[in-house]
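Taking it in order: structure first as structure tokens, then the write-up.
The values are calculated or read from the model by the stated rules, or taken from the named source; none is laboratory data. What you see is a predicted model, and the numbers here were worked out from it, not measured in a lab. Every residue, glycine among them, receives a Cβ derived from its backbone with ideal geometry; neighbour counts consider all protein chains shown.
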Amino acid sequence: MSSDPEMYQKIWSALLSEYKWEGELWGQRGEEKIAFNIAITAIVDANEKPSQYAAIVSDITQRKQDEERILRQANFDSLTGLPNRALFIDRLGQSLLTMSRARHKLGLMFIDLDGFKLVNDTLGHDKGDDLLREAAVRISSCTRNGDTVARLGGDEFTVIMPNLHDAKDAPLVAQRILDALAKPFDLDGTESFISGSIGITVFPGDASDANNLLKNADAAMYRAKDLGKANFQFFTSDLNEEVAERLTIKNGLIKALERDEFKVFYQPKVTLSTGQVDSVEALMRWDNPDLGMVSPARFIPVLEETGMVVEVGEWAIREACK
């Protein structure tokens, strides 16, 4: 049973004043910890004074273990052991309340592993899982005491950095993470390489609530990818316009083929020595009612992101061949 003197004092105080006590205690059976539920009731004599006590002891170890397992499954990622999305959102919300009261800054990082899909597809999901576990260890080793590293799912991680004295401190952590991820991963004898793209946003300057902070960090991460990956980028106000435009383009592209909004233009290619047109280059444009004539530089990255690039590419080839 528990050897806590304060607990025993609490039990005796309850028995003396109320003649009963019920609660849970942990004990030891050899090397194994055992949980008990104990209900103690005083048996009184003719003078209504306790003459003896009756106790009912139930072994609730299995129930407590089940509760702990359910709680862990609900809050922690089973693969890496890191907090999952649910616990991340809860901790971010709690941290924001604390930072708001203390008038301190909080940094939020959104990390995406570049090249993970290639490792997963070529070496198999088992090796991919090994890489994610090792990546989680490396990211965690780069953070400060008090920071929270979480896995949102797939190859996406986040870092909550409370008590950020200066926004310029965040890149120090980000660069350590990038350097750690850049080192080769030994996956059961196979050397693999990945990198990281990191987006950083800061409370309260960029946003005051959890949802917008996460959205900002995600947008900054995509900026890092667009700039060549293996780098970090801060969220800036002009990204708001880019995010809104990206969403408008994404929503419009879903119906673009169905509405026959794609057009193919043909640019002649001339042989300089003869002045003759010997071929043409097919150039695809998107004529959207709301956005006008959209350049491929704006919509091709979104097609690639959504996976629609194959379907649209096939349409362009068929149209050009006609």
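Filter the range 246-288 down to the residues that are among the small types (Gly, Ala, Ser) and assigned to a helix (DSSP H, G or I), then identify the one that is nearest to the chain's Cα centre (by Cα). Looking at residues that are among the small types (Gly, Ala, Ser) and assigned to a helix (DSSP H, G or I), I get Gly252. Against the condition surrounded by 15 or more Cβ atoms within 10 Å (Cβ to Cβ), more than 17 Å from the chain's Cα centre (by Cα) and of a type in the set (A, V, I, L, M), how does Ala219 come out, does it pass? No, not satisfied. Within the range 210-228, the presence of a residue that is in a loop (DSSP other than H, G, I, E, B) and over 15 Å from Asp112 (Cβ atoms) is excluded.
Summed over the range 273-322, residues that are of a type in the set (Gly, Ala, Ser) and in contact (Cβ under 8 Å) with a residue 40 or more places away in the chain total 2.
Counting only residues that are more than 13 Å from the chain's Cα centre (by Cα) and in a helix (DSSP H, G or I), which one in the range 136-159 is farthest from Gln73 (Cα to Cα)?
Cys142
The residues listed here are Leu108, Leu123; of these, the one that is touching a strand residue (DSSP E or B) at 6+ places or on another chain (Cβ under 8 Å), assigned by TED's automatic domain parsing to the domain that holds Ala167 and modelled with pLDDT under 95 is Leu123. Residues of the range 59-109 that are in contact (Cβ under 8 Å) with a residue 40 or more places away in the chain and polar (S, T, N, Q): Thr80, Asn84, Ser95, Thr98, Ser100.
Against the test of being of a type in the set (A, V, I, L, M) and in the same structural domain as Ser140 (by TED's automatic domain parsing), the options Ala86, Ala54 yield a single qualifying residue, Ala86.
Considering only residues in the range 47-70 that are among the acidic types (Asp, Glu) and under 41 Å from the mean Cα position of the chain (by Cα), the one that is nearest to Ala35 (Cα to Cα) turns out to be Asp59.
Suppose the filter is modelled with pLDDT of 95 or more, under 30 Å from Phe203 (Cβ atoms) and surrounded by fewer than 17 Cβ atoms within 10 Å (Cβ to Cβ); does Val137 pass it? Step through it out loud before you land on a result.
Details: modelled with pLDDT of 95 or more: yes; under 30 Å from Phe203 (Cβ atoms): yes; surrounded by fewer than 17 Cβ atoms within 10 Å (Cβ to Cβ): yes.
In short, yes.
Note on the range 189-209: among residues that are aliphatic (A, V, I, L, M) and part of a loop (DSSP other than H, G, I, E, B), the one that is surrounded by the most Cβ atoms within 10 Å (Cβ to Cβ) is Ile194.
Of the numbered conditions (1) over 18 Å from Cys142 (Cα atoms); (2) surrounded by 13 or more Cβ atoms within 10 Å (Cβ to Cβ); (3) aliphatic (A, V, I, L, M), Ala174 satisfies every one except a single condition; which is it? Ala174 satisfies all of (1) over 18 Å from Cys142 (Cα atoms); (2) surrounded by 13 or more Cβ atoms within 10 Å (Cβ to Cβ); (3) aliphatic (A, V, I, L, M) except (1). For the range 24-57, taking the residues that are surrounded by fewer than 12 Cβ atoms within 10 Å (Cβ to Cβ) and polar (S, T, N, Q), the one that is farthest from Lys10 (Cα to Cα) is identified as Asn47.
Residue-by-condition table, conditions (1) in the same structural domain as Gly307 (by TED's automatic domain parsing); (2) surrounded by 13 or more Cβ atoms within 10 Å (Cβ to Cβ); (3) within 22 Å of Leu303 (Cβ to Cβ); (4) at pLDDT below 90:
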site: Asp226; (1), (2), (3), (4): no, no, yes, yes
site: Lys229; (1), (2), (3), (4): no, yes, yes, no
site: Thr248; (1), (2), (3), (4): yes, yes, yes, yes
site: Ile254; (1), (2), (3), (4): yes, no, yes, yes
site: Lys269; (1), (2), (3), (4): yes, no, no, no
site: Thr274; (1), (2), (3), (4): yes, no, no, yes
